[in-house]
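Colleague: Please see the structure below; I have some questions.
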Amino acid sequence: MRQRLIQWMVRPDAAPPQPADEGERCVAALRAALGMDVLPSSIVAGRGACFAMARLGRERRLLLLAEETAPRAPFAGERRVVRLGDGELRCLIAPTTPENAEALRRVLPSMRPRPLGLRKSIGCGDRLGLATPGHVQALRSARGRAGVRVGLIPAQQSVRENARTGRTPRQVLDEAMWGLLQEGWHEGFGADADHLKSEEDIAPWVAAGYSLYTIDPGEHVDDEAEREDVAGLEARVAALPWDVLESDPHDLLQRLGGRPVDLGDRTVTLEPLTLLRAAAKYGRAVAHTVRMYRAIAEAVGAIERFELEVSVDETASVTRVEEHLYIAHELRRLGVRWVSLAPRYVGACEKGIDYIGDLDAFRRHFAAHLAVARTYGPYKLSLHSGSDKFSIYPIAAELAGELLHVKTAGTSYLEALRTVALAEPALFREVLALALARFPVDRASYHVSAAATRIPRPDRLTDDALPRLLDDGDARQVLHVTYGSVLQDKGLRDALYDVLHRAEGCYTELLKKHFERHLSALV
């Protein structure tokens with residue numbers, strides 16, 4: 001058995017010991033020798049050593065097994081000698097610290113995020129740092145059942161979310177990485193620094209090694225341009241930061257005004273008034289994106305080491321196809337390279353619930369934006385607030401093919417609350433009571449239509465009825481947007497984590513089922 005593990009260690013491409021019963025014997029021997037629950041799915045070879053994850057109560061440990069002559073890895077932890085069969089192996093039992101996480105990324109390149117390119121992808125935000133195993137299991141299951149091939153971004157968080165959860169970019173990435181190792185995922189993954197709004201936001205994400213940067217220039221979008229007359233539009237355009245845009249109003253009109261643009265399946269002409277309105281509305285957003293892109297490129301050091309997403313979805317008005325064309329044309333002229341863009345679509349993509357709007361209108365709108373993306377890229381169209389939008393997934397998948405990115409976040413937190421409702425009803429009642437109290441304030445930064453008055457009071461519900469609240473649109477949105485208030489309450493936060501660690505299997509299974517539904521609809 002020891003020899004079999006040694007053979008495995010020196011072959012980084014080796015599969016776990018086969019047949020299955022041999023692998024089970026190896027794991028059983030390790031469990032007995034270490035007194036820990038070694039996780040079979042996590043075992044992987046690399047650099048002449050064998051790595052694995054093990055449970056020690058509520059905590060996780062990284063195991064490093066090697067021959068005495070194997071090179072020492074830069075990990076800190078407890079060193080032991082493990083007897084297996086007729087021989088011994090050296091073992092390092094390492095806590096899941098930031099230092100050990102970075103050491104693992106140096107030793108196992110598959111644990112380092114990387115650009116995913118033009119392949120269909122899904123971002124699985126995780127506000128608690130416990131959801132990655134469920135996301136991976138869902139992806140594997142959907143692949144087997146429906147042939148889903150989707151790039152995975154398990155580390156996805158925004159500055160706003162980190163401020164409300166008390167987490168850091170490095171912590172988000174590390175927790176996703178430990179979850180990937182636990183599930184034996186070595187097929188590559190991305191990490192999304194989501195909704196960055198200022199150059200001051202950039203540094204900690206670059207330092208942590210993120211591979212995708214989502215620029216949110218929404219604060220620079222001028223929705224008032226929608227209602228301006230010609231004189232007002234001309235004044236707004238004249239005041240744009242033309243030094244950054246490297247142009248002027250006359251040059252812009254000469255280049256694009258009244259000229260037909262062939263988008264393959266259609267031709268779009270930016271009439272002078274339409275162009276003025278597009279520039280007035282999005283010109284500052286384009287300039288801000290250019291500044292952010294250049295700052296990221298300088299900080300990262302190499303353009304090929306990161307990808308960019310442009311997000312103009314969190315605005316008050318819909319993005320017209322002519323406006324998208326203006327944005328894409330100007331960004332490309334100014335040397336920006338991006339992998340995906342999120343317009344503000346027709347209808348409503350609210351948090352935690354399905355799409356609200358006319359599906360035929362969405363199809364036409366999405367197809368028009370896709371024509372721009374194919375012509376000026378190609379690049380992916382991104383669905384933000386993309387969780388639970390089951391009615392439009394088939395439309396987007398049919399039209400876009402690989403050129404599609406779906407971004408989810410709070411839906412994994414909601415499945416965590418469903419787990420709590422099943423396992424600890426009294427705690428869920430406390431969470432719901434706080435959410436109802438905080439909703440009038442916490443909803444301010446989100447687009448939601450929920451009414452707290454339509455949700456029954458916690459003390460009027462039976463325990464059996466509590467999990468069903470996670471299927472109610474009003475309750476989902478109230479719970480979705482109040483996560484910060486819940487997690488900033490130390491007592492509730494500690495109690496939530498305690499339940500989720502104890503009910504880990506339930507949480508993972510709920511996530512798997514929930515995300516299988518998402519992924520299967522994206523074929």
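The values are calculated or read from the model by the stated rules, or taken from the named source; none is laboratory data. Treat the numbers as computed from the prediction; the structure is a model and nothing was measured. As a convention, Cβ positions derive from the backbone with ideal geometry for all residues, glycine included, and neighbour counts pool all protein chains shown. Accessible surface is based on the protein model in full, side chains and every heavy atom, while ligands, DNA and RNA are left aside. Shrake-Rupley method; radii C 1.70, N 1.55, O 1.52, S 1.80 Å.
Colleague: Condition test on Val441, is it outside any helix (DSSP H, G or I) and either farther than 30 Å from Arg119 by Cβ or not charged (D, E, K, R) (or both)? Talk me through it step by step, then tell me what you get.
Modeller: Numbers: outside any helix (DSSP H, G or I): no; either farther than 30 Å from Arg119 by Cβ or not charged (D, E, K, R) (or both): yes.
When the stated conditions are applied, Val441 does not pass them.
Colleague: I would also like to ask the following. Hand me the list of helices (runs of 4 or more DSSP H) wholly inside the range 156-255 holding 3 or more residues that are modelled with pLDDT of 95 or more and in contact with a Ser or Thr (Cβ under 6 Å, 6 or more places away or on another chain).
Modeller: Numbers: elements: 159-165, 169-183, 203-208, 230-238, 242-245.
Result: 169-183.
Colleague: Which ones in the range 83-95 are modelled with pLDDT under 90, more than 14 Å from Phe51 (Cβ to Cβ) and surrounded by fewer than 18 Cβ atoms within 10 Å (Cβ to Cβ)?
Modeller: Arg83, Gly85, Asp86, Gly87, Glu88
Colleague: Those residues that are of a type in the set (Asp, Glu) and within 29 Å of Thr315 (Cα to Cα), I need them from the range 448-483; list them, please. Steps first, please.
Modeller: So the first thing to find is which residues in the range 448-483 are of a type in the set (Asp, Glu), and the list is 459, 463-464, 471-472, 474.
Hits for the range 448-483 are Asp471, Asp472, Asp474.
Colleague: Give the residue, chosen from Ala503, Ala437, Ala409, that is more than 26 Å from the chain's Cα centre (by Cα) and open to solvent by 10 Å² or more (accessible area, probe 1.4 Å). I'd like the intermediate steps shown before the answer.
Modeller: Values: Ala503 fails: more than 26 Å from the chain's Cα centre (by Cα); Ala409 fails: more than 26 Å from the chain's Cα centre (by Cα).
Of the residues listed, the single one that is more than 26 Å from the chain's Cα centre (by Cα) and open to solvent by 10 Å² or more (accessible area, probe 1.4 Å) is Ala437.
Colleague: Moving on to the next point. Tell me, please, whether a residue that is in contact with a strand residue (DSSP E or B) (Cβ under 6 Å, 6 or more places away or on another chain), buried (at least 20 other Cβ atoms within 10 Å of the Cβ) and assigned to a strand (DSSP E or B) can be found in the range 280-301.
Modeller: No, because not a single residue in the range 280-301 is in contact with a strand residue (DSSP E or B) (Cβ under 6 Å, 6 or more places away or on another chain), buried (at least 20 other Cβ atoms within 10 Å of the Cβ) and assigned to a strand (DSSP E or B).
Colleague: What pairs come up if the first residue lies in the range 206-230 and is over 21 Å from Ala287 (Cα atoms), the second is among the aromatic types (Phe, Trp, Tyr), and their beta carbons are under 6 Å apart, counting only those six or more places apart or on different chains?
Modeller: From residues that are over 21 Å from Ala287 (Cα atoms), the pairs are Ser211/Phe306.
Colleague: Also, I was wondering about something else. From Leu404, Leu434, which residue is under 30 Å from Ile296 (Cβ atoms), touching a Leu at 6+ places or on another chain (Cβ under 9 Å) and touching a residue at least 24 places away in the same chain (Cβ under 8 Å)? Before the answer, list the steps.
Modeller: Numbers: Leu434 fails: under 30 Å from Ile296 (Cβ atoms).
Sole residue among the options that is under 30 Å from Ile296 (Cβ atoms), touching a Leu at 6+ places or on another chain (Cβ under 9 Å) and touching a residue at least 24 places away in the same chain (Cβ under 8 Å): Leu404.
Colleague: Which of the residues belonging to the range 411-452 are of a type in the set (Ser, Thr, Tyr) and in contact with a strand residue (DSSP E or B) (Cβ under 8 Å, 6 or more places away or on another chain)?
Modeller: So in the range 411-452, the residues of a type in the set (Ser, Thr, Tyr) come out as 411-413, 419, 445-446, 449.
Scanning the range 411-452 gives Ser412, Ser449.
Colleague: Going through Arg127, Arg145, Arg105, Arg119 one at a time, which residue ends up being over 19 Å from Gly184 (Cα atoms), open to solvent by less than 10 Å² (accessible area, probe 1.4 Å), basic (Lys, Arg) and out of contact with any Cys (no Cβ under 8 Å at 6 or more places or on another chain)?
Modeller: Arg127
Colleague: OK, next. Leu128 versus (1) more than 14 Å from Gly179 (Cα to Cα); (2) touching a residue at least 60 places away in the same chain (Cβ under 8 Å); (3) in a loop (DSSP other than H, G, I, E, B): which is the lone unmet condition?
Modeller: Of (1) more than 14 Å from Gly179 (Cα to Cα); (2) touching a residue at least 60 places away in the same chain (Cβ under 8 Å); (3) in a loop (DSSP other than H, G, I, E, B), only one is false for Leu128: (1).
Colleague: Could you check the range 333-368 and list, in sequence order, the residues that are out of contact with any strand residue (DSSP E or B) (no Cβ under 6 Å at 6 or more places or on another chain), open to solvent by less than 30 Å² (accessible area, probe 1.4 Å) and over 18 Å from Lys389 (Cα atoms)?
Modeller: Leu334, Val336, Ala368
Colleague: OK, next. Exactly one condition in (1) buried (at least 24 other Cβ atoms within 10 Å of the Cβ); (2) under 25 Å from Asp126 (Cα atoms); (3) out of contact with any Ser or Thr (no Cβ under 7 Å at 6 or more places or on another chain) is not met by Glu415; state its number.
Modeller: That leaves (1) as the condition not met.
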